[in-house]
Structures are given as structure tokens and as C-alpha cells.
Amino acid sequence: MKDTKGGEPMGGTVRLTAAQAMMRWLSVQVTEEGTRFIEGVWAIFGHGNVAGVGEALHRYSEVLPTWRGQNEQTMAHAAIAYAKTKRRRRAHAVTSSIGPGSTNMVTAAALAHVNRLPVLFICGDVFANRRPDPVLQQIEDFDEGTVSANDCFRPVTRYFDRITRPEHVLTALPRALRTMTDPVDCGPVCLAFCQDVQAEAFDYPAAFFEPRVWRIRRPEPDPVEVAAVVDAIKAAKAPVIVSGGGVLYSGAEELLADFAARRNIPILETQAGKGATSFEHPMNFGSPGVTGSDCGNAACEAADLVIGVGTRFQDFTTGSWTVFANPERRLVSINVHGYDALKHGALGVVGDAKVTLEKIDAALGQTRFAAADARARSDWHAAVAKVTAAPAKDANKLPSDAQVIGALQRVATEHTVAMCAAGTMPGALQVLWQAAKGGYHMEYGYSCMGYEIAGAMGIKLAAPDREVICFVGDGSYMMANSELATAVMRRVPFTIVLTDNRGYGCINRLQQECGGAEFNNMYKDANVEVQPEIDFVAHAASMGAHAEKAAGIADLEAKIVAARGRDIPSVIVIDTEAVSGTGAGGHWWDVAVPQVGGPERLIKARERYDANAALQRVFN
Ligand SMILES: Cc1ncc(C[n+]2csc(CCOP(=O)(O)OP(=O)(O)O)c2C)c(N)n1
Ligand SMILES: [Mg+2]
């Protein structure tokens, strides 16, 4: 029965194509604040989505905007950075044609999966009716008729569905939104949308298109688990808190800062958690592990209780499980997912970080620990000041990455966000960057080269009032830079600091630490006929960005400040040296060194490796 009121079908059914139904439905899924959960859709069209999804996006463009990018992977990076900046409360969709457009996004899906961030992949798929088989870009599996290129998304999405009938939209879409708005399961969703089905009509129930509010719930912890953790904290003498991304997603920043201050518990921030507590907070001891601060790692080594809050305990955080070295130490993990809460033999509490901390706090009474080592903390700040200080005026050598960070530090405000993903800078920033609250965005779950520029655009779209500083190495820039053109077109301003050290500096250092010869990382050690002279300024300028080269650290500072007035991205290229790395802090990282073979440096490296590996403690 068709029931119309004021021209709009009500109560009965609405005849739409499956793609039209999808876009219409997405346009009315809202957050508690009343904004669309899926703000809009990044799109590159091909035969697998132009006629179905493309037509539908055009039809609903007033209520669900479409944005054109340059590469499916980097469009998805922008989407992911947007969702991370919005603390998973809003997201973007990305649509691709079938085949290469889709598989271009598999890396981005993995990135979102590791980082537990919501993004909706709407991938064109082969014909459900199989009439034109094999359609252009169909991979054809010899053994399985239902396999398509989109099956690559299965291990890297939290929900995967293939829409092979128009009515599948009725079940697939609510499941997709459920996954993206669930704090426990939150992650990427792939809806593989058969291209013929996109265009097929169906009589959808009109009620399906009623607006729906998606509230992010706060799971309460089990009281017995809370009590066990409270007992463990009361029994401890020297606890530390490892503060991860979950603190930000649950909005537990203030509570955690206050909890730590009242009870004298040092906070160590992971890459995902950095910036939850301002660096000025007296209990902020920097970072733990491989890219840890000296005072932070000293606190970790002495700790008899490690309290993880919203952390996955990845190897950088734990120094591959060597940094929490006290033989008496126990591990507590507060996490919204049991998978993380029970890792490595931890005493776990499954629950929202904020609610769980509130309950632990209430039950702890007056528990307060001996004053943390304020001297170690101030010594650390002095060490940071030393490596980040501006070079002497007459210094006739290239600046280090640490000095580049120092330049930003001196001109930064409370609005500045430093962002990065791969290379030397993530470690250097975690150790050295003194972040104001909310002033840090690092993709270090997947550490994906090429996230940086598109990611910076995504941050700026989510937080227009922030000054976004994107650190990118020459290697990452070469891997993916083309969303710079998108940012120019869309007038999304941010500042890129491109550190050109002529190669993969961080991996070159790692190679040597592992006893290897310098090989295939820096251009000087690569199999090339001529050494490249890549003009990054000209390259970035060709896409319409404001681009210039900084003559040195003082000039870099001036250029960062000058960029603030522009409405387009600014790219500041600076030549840097590749030897120093982070320059301070640090801890062992498990990267396996060959067990047999020479030369001497390799044998020595393996001896060091064995000695460190013997210190690993992988179970509580
Ligand atoms: C997609 C991808 N490929 C490879 C790596 C491994 N990797 C990590 S950092 C790096 C080199 C980065 O070079 P650059 O951006 O120039 O930074 P630098 O260390 O020289 O400052 C490589 C190859 C990665 N993280 N991501
Ligand atoms: Mg480099």
C-alpha cells in the first residue's frame, strides 16, 4: 500500500533503488548532538559505483554531501583522521568502484581497524546476477563463486556485508551504524555493494527512513572486577598509569588528571593517548617504552603496579615487554573490551574508562602514594630543552628532527595540534613534543606512511579552530601527497613541515642498530644511477599549495607563524640530518636480528638482541 502525505510517502512503502535507499537512510542517522553521524561521502567513481551509488549521492547531495578526492586510500585517511579528531562521535563514508578502487582502500581499512576508528567503506562489487561475467576488474576465483576483490576487507573490518539483494540494505545499514557507534566493537565497516543491485528498485518501508539517534553507550564495569582492582591498587607501593586512546574516547581526561594528582600516580601517555593530560600536569611523566621519556621509563621500571587505561599495550608502549621490569609488578587493565582488559595476564576490568575510574576512585578512599620523583621529571624537561634548543647561529650543519620540533614548540599555542604517522617524527614527537591538552594526533597503530597529508586535512575538517601542523618525511611525502590538491581546492588550511633527509632515515638507523649495513634506505645507499634532486617546493606549489623552503630553524619558526594567515595549505620544506633520531629517551624494541652469519657487527647485534630478549616478560 502506498500512503502519501504532503507528497512524501508515509506509513507505507517508498520505491527507491538500493543505492538511493542507502543514501537517504544515511542522511537521517544522527548523533545525540543532532548532527549526521556520517557527515558526508568521499567518492571516486568508476563503472562499479557511478551509475548506482553516484546517482543516489547526487540525488541526496543537499542532505549528504559528496567530496571528490584523488586516491581512495588517502580519501579514507582523511575520513579516519576526521573520526579520530571527533573522538569517534562522527565519521565519513568512502565509496569506490570495484576492483582497484576498492583494494586501494584495504590498507586504510586496516589502519582504521588497528586504531579502532569508524569509517564506512561502500565498495562497488561484481554483478549479483553474474550476467556480464567477468565484468571489468572482476578477479575470478577458480574455486569459489562468491569471492570478489572485496573479500580482502574481511580481516580488516569489524563488520563486512555484501549487498546482493536490494532488501539487504534494511539489515546491512543498521548493523553498520551499530558497529561504528559501539565503543566496544568500534571500527571500519565494508558494505560490498553489487553494482547491479545498487540500481535495483525495491519498496522500502517508509518507517526505515525515520531519523534515528545513535547514542554512544558507557558500559558499566562489573563490581567484582572493580573490587579486585581496588585491592590491587591499595596493595601497591609504586603504581604508574599507562594512559591510552581509550581515555580520550571515553572523555576521561579531567577525571584521570585529577585522580593521578590526588593520589600521586605518574601518568605515562601512549601515542594514541598523548595530549589527554597537558604536559604541564605534575603527574605527566611523558611516555613509556621504546619512545619513552627517561623519567617515564624509570617510573615504569620501578613500578610494582601498571594500571593501563584504554590501552592496547602495543610493543612500543611496553618496550616489547621489557620496560615494566620490577619482578613484583602486576598488571591491571581497564578497557571497554575484554580482549584488551585480559591481555598478558592482566587483572582486567571491562568497562568504560570514565565510569570505571569513577568507581575505582570512590572505592579507594584516601589511598595516596609517596610523592613521585619530581626531580626525574624536571631533569627530563631539561634534557628535552637541550635537544630541542635552536642551534647556534654559526652552526654549520643541518638541523636535527628534535630541533625542528623545538621550532614548533617555541611558536605553538594551545590551539596547535602536531600530527604525524610514520618515520622519525612519531617517536621524536612522542618523546619531545610538549603537547597542550588535545594538541596531538598520531596514527601509530598502523604507522602508515602516506597518512600524514590526508590525515591533516581530516583533522582540520573536524577541528577548524585548531592549527594543524603535519610533520611528514621526504619518504612519506613521496608515498602519498595528492590530497594536498584536494585541500587546496576545498580551502582547508594546515601547515606541512616536510623534513628532507634524503631517504628513510629512521629505518636506516634501525638497520644499523640491527647490525645491518646501510642498504636501500637512504638514496645514497640505493641502487640508482643518479642521486635525486627532488624539488618538493615546486611539487607542492604545482598543486596550488603555498610552498617554500626554510633556510634553517629560525626561518622555520617564522614561516610556521606566517602560515597562520593563509586559507590554503602551506608546505615548508627543511633539509635535516638523518643521524640523530629522537635525540633523548628511548628503550629497547624487539626487532629480530639474524641468528647466524657475520660480520662482527651482526654477531654483536645478535648478542645484544639475545640479552634484551632474555628480559622480556610477556605474562603478568
Ligand atoms: C606504507 C608503509 N610502508 C613502509 C613502512 C616502513 N617505514 C616506516 S618509516 C619508513 C621511512 C620513512 O621515511 P621518511 O618519511 O623520509 O621519514 P624519516 O625517517 O627519513 O624522517 C618506512 C619505510 C611504513 N611504516 N608504512
Ligand atoms: Mg626521510
Assign unit charges at the C-beta atoms only (+1 for Lys and Arg, -1 for Asp and Glu), then state the dipole size of the range 330-379 relative to its Cα centre in Debye, rounded to the nearest 20. 120 debye
Considering the dipole of the range 150-252 built from charges on the beta carbon (Lys and Arg +1, Asp and Glu -1) around the Cα centre, which of A235, F208, A252 is farthest to its positive end? A235
May I ask you to derive the FRET efficiency for T13 and D185 from their Cβ-Cβ distance with R0 = 41 Å, giving the value to the nearest 0.05? 0.85
Computed Kirkwood radius, in angstrom, where 1/r is averaged over Cα pairs of the range 276-381: 14.7 Å
Which entries in K237/K274; K274/K359; K386/K559; K84/K437 show an alpha-carbon gap greater than 20 Å? K237/K274; K274/K359; K386/K559
Starting from the 7 Å offset along Cα-to-Cβ, what nm value, one decimal, do you get for the label separation of E518 and V411? 3.1 nm
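Can you figure out the FRET efficiency of A228 with H281, using R₀ = 35 Å and their beta-carbon distance, to the nearest 0.05?
In this case the efficiency is close to 0.80.
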Hey, any idea what the orientation-averaged projected area of the convex hull of the range 244-301's Cα atoms comes to, in nm²? 3.6 nm²
Sorting check: for 104-112, 152-160, which peptide has the highest mean count of neighbouring beta carbons within 10 Å, and how do the rest follow? 104-112, 152-160
Among DSSP bridges having both ends in the range 1-112, what percentage is antiparallel? Round to the nearest 5. 30 percent
Among M522, V488, F536, which residue has its Cα furthest toward the positive end of the charge dipole of the chain, with +1 on Lys/Arg Cβ and -1 on Asp/Glu Cβ? V488
Hey, can you find the accessible area per residue of the chain for me, probe 1.4 Å, expressed in square angstrom? 40 Å²
Over all distinct alpha-carbon pairs, what is the Kirkwood Rh of the chain in angstrom? 25.8 Å
Using the Cα centre as the reference, give the magnitude of the dipole from point charges on the C-beta atoms of the range 224-277 (Lys, Arg: +1; Asp, Glu: -1; all else neutral), rounded to the nearest 20 debye. 220 debye
Roughly what % antiparallel, to the nearest 5, for the DSSP beta bridges in the chain? 10 percent
Percent of accessible area on the range 475-620 owned by carbon and sulfur, 1.4 Å probe? 57 percent
Compactness check, the range 266-335: C-alpha Rg relative to the 2.2 N^0.38 Å globular estimate gives 0.99
Dipole in debye (nearest 20) - the chain, about Cα centre, beta carbon charges: Lys, Arg +1; Asp, Glu -1: 1220 debye
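The values are calculated or read from the model by the stated rules, or taken from the named source; none is laboratory data. The model shown is predicted, which means the values in this text are computed figures rather than measured ones. Methodologically, a virtual Cβ is constructed for each residue, glycine included, from the backbone with ideal geometry; neighbour enumeration extends over all protein chains shown. Only protein heavy atoms, including side chains, enter the accessible area calculation; ligands, DNA and RNA are left aside. Shrake-Rupley method; radii C 1.70, N 1.55, O 1.52, S 1.80 Å.
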